[in-house]
Amino acid sequence: ASIFAAVEMAPRDPILGLNESFAADARSEKVNLGVGVYYDDNGKIPLLAAVRTAEKARLEAAPARGYQPIEGPAAYNGAVQNLLFGTDSALLADGKVVTAQALGGTGALKIGADYIRRLLPGATVYISDPSWENHRALFEAAGFPVENYPYYEAGTRGVNFAGMKARLDTLQPGSVVVLHACCHNPTGADLSDAQWNEVVEVCRARGLVPFLDMAYQGFADGIEPDAVAVRAFSASGLQFFISSSFSKSFSLYGERVGALSIVTAGKDESARVLSQLKRVIRTNYSNPPTHGGAIVAAVLNSAELRQMWEDELGGMRDRIRAMRTGLVEQLKAEGVAQDFSFVVKQRGMFSYTGLSAAQVESLKSDFGIYAVSTGRICLAALNSKNIGYVAKAIAQVVK
Ligand code: PLP
């Protein structure tokens with residue numbers, strides 16, 4: 001018999017499954033709000049001009065494709081560090097930060113998880129309730145028990161900060177706490193600057209291991225303001241982890257460009273930690289691919305291209321904001337009595353709309369509008385052509 005004869009079919013990824021149903025829908029007015037991708041006003045994934053310019057130069061230079069260092073090139077890792085920690089960072093000056101290029105934010109979480117599993121084999125990992133759907137599976141696959149801490153509060157459509165803090169305050173020392181650094185996925189509800197300082201103090205008091213997941217730097221208020229959580233932890237003197245990604249901010253989803261950064265207590269520790277992290281990488285995929293990282297490094301290390309990128313990133317941010325305010329206004333204009341103003345306060349690409357699973361189902365079957373059954377919608381999938389249709393449809397299903 002085949003060794004695969006008894007293999008069971010794994011459950012479909014819920015969001016990819018949604019995309020498949022969307023693709024099969026024949027209605028021309030259909031809209032996919034289930035995605036986690038930024039689309040421009042024409043409903044297309046943009047190729048940024050800064051990226052195109054850097055790619056053209058790279059094509060002309062025609063560099064050879066030798067193996068990269070296991071941790072990726074210094075030009076890339078240094079650029080990542082400057083974005084996360086700021087160019088004037090004392091941690092960077094003191095050699096307290098180890099950074100390795102990774103296969104997107106997911107790859108950064110994975111090598112971070114594998115490394116922590118070797119460092120702290122008995123740790124439990126805590127993720128927000130709810131969280132990005134891959135967090136639990138990823139840390140479980142790395143061998144950790146995974147539990148939730150309270151996060152979203154349906155009543156206020158904001159953060160249940162008291163509940164979150166109270167839970168963190170009960171955790172065993174050495175527990176790993178995964179925190180969305182900005183633009184919380186899936187809820188769009190973020191902590192305030194003051195709340196970040198409180199989280200830092202709980203982590204310090206209880207000896208927790210913070211793991212910041214930064215997948216959307218620049219999508220809320222800008223590159224610097226969106227780094228507030230990183231800066232709060234940086235000022236604390238604690239050791240912590242950051243996974244970061246350029247999938248969204250550079251619109252380079254398929255190139256898989258991200259990084260893992262680890263803050264240590266000093267230069268000597270950094271060297272030892274990097275040597276261990278390199279073992280994790282070496283036994284996973286040996287070293288990272290060249291193209292995406294080279295493009296990001298070229299953009300970030302050129303004053304001209306960096307400005308071009310910041311302008312384009314600002315354009316994406318402004319367009320999402322315009323869709324947030326536009327949706328709220330159009331719902332009002334459609335006669336919806338319910339207050340949707342929370343949509344403007346939520347940050348990043350997503351909103352937890354409060355739509356029930358039945359309402360989401362009705363959006364799909366009656367209007368060809370696809371959203372996640374939890375009520376999460378991607379504001380970056382709205383545009384000037386479909387927003388009116390979506391507002392009308394939501395008005396119908398909430399009536
Ligand atoms: N972390 C969070 C919170 C995300 O929302 C995402 C992507 O949706 C990722 C990590 C993964 O990013 P990447 O596509 O770069 O692997």
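Classify the stretch 101-216 as rounded, prolate or oblate from the Cα gyration tensor: take a ≥ b ≥ c as the square roots of its eigenvalues, call it rounded if a/c is under 1.5, otherwise prolate when a/b beats b/c and oblate if not.
Verdict is oblate for the stretch 101-216.
Nearest 5 percent is fine: what portion of the DSSP beta bridges confined to the stretch 183-298 is antiparallel?
60
Work out the length of the dipole vector of the stretch 1-56 about its Cα centre, built from +1 on the beta-carbon of each Lys and Arg and -1 on the beta-carbon of each Asp and Glu, and round it to the nearest 20 debye.
Using only the charged Cβ atoms, the result is roughly 180 debye.
In degrees from 0 to 90, rounded to the nearest 10, what is the angle of the helix 49-61 Cα long axis to the longest principal axis of the chain?
40
Name the most mobile residue of A50, A102, A215, meaning the one with the largest mean-square fluctuation, in a Gaussian network model of the chain with Cα contacts below 10 Å.
A50
Below 15 angstrom from the Cβ of N77, what's the summed charge of the other residues (Lys, Arg +1; Asp, Glu -1)?
Summing Lys/Arg as +1 and Asp/Glu as -1 gives +1.
Tell me the net charge near D221. Cut-off is 14 Å between Cβ atoms, D221 excluded, with +1 for each Lys or Arg and -1 for each Asp or Glu.
So the environment of D221 carries a net charge of 0.
For C378, C203, what's the fewest-to-most ordering of other Cβ within 10 Å of each Cβ?
With the sparsest Cβ surroundings first, the list reads C203, C378.
For the stretch 1-96, what class follows from the C-alpha gyration tensor (a ≥ b ≥ c being the square roots of its eigenvalues): rounded when a/c is under 1.5, otherwise prolate if a/b is larger than b/c, else oblate?
Prolate, since a/c reaches 1.5 and a/b exceeds b/c.
Rank the residues V37, V200 as a footprinting-exposure proxy: fewest other Cβ atoms within 10 Å of their Cβ go first.
Listed from fewest to most nearby Cβ atoms, that is V37, V200.
Against the globular-protein guess of 2.2 N^0.38 Å, express the Cα radius of gyration of the chain as a ratio, rounded to two decimals.
Dividing the Cα radius of gyration by 2.2 N^0.38 Å gives 1.00.
Please report the antiparallel percentage of DSSP beta bridges with both residues in the chain, rounded to the nearest 5.
Antiparallel: roughly 50 percent of the beta bridges in the chain.
Is the stretch 175-295 best put as rounded, prolate or oblate by its Cα gyration tensor, with a ≥ b ≥ c the root eigenvalues, rounded for a/c under 1.5, and otherwise prolate when a/b is larger than b/c, oblate when not?
Oblate shape, in that a/c is at least 1.5 and b/c is the bigger or equal ratio.
What ranking do F144, F211, F22 get, fewest neighbouring Cβ atoms within 10 angstrom at the top?
The order, fewest Cβ neighbours first, is F22, F144, F211.
Only the coordinates and a few stated rules stand behind these numbers; no lab work does. Keep in mind that what you see is a predicted model, and the values were worked out from it rather than measured. Please note: Cβ atoms are built from the backbone with ideal geometry, for glycine as well, and neighbour counts cover all protein chains shown.
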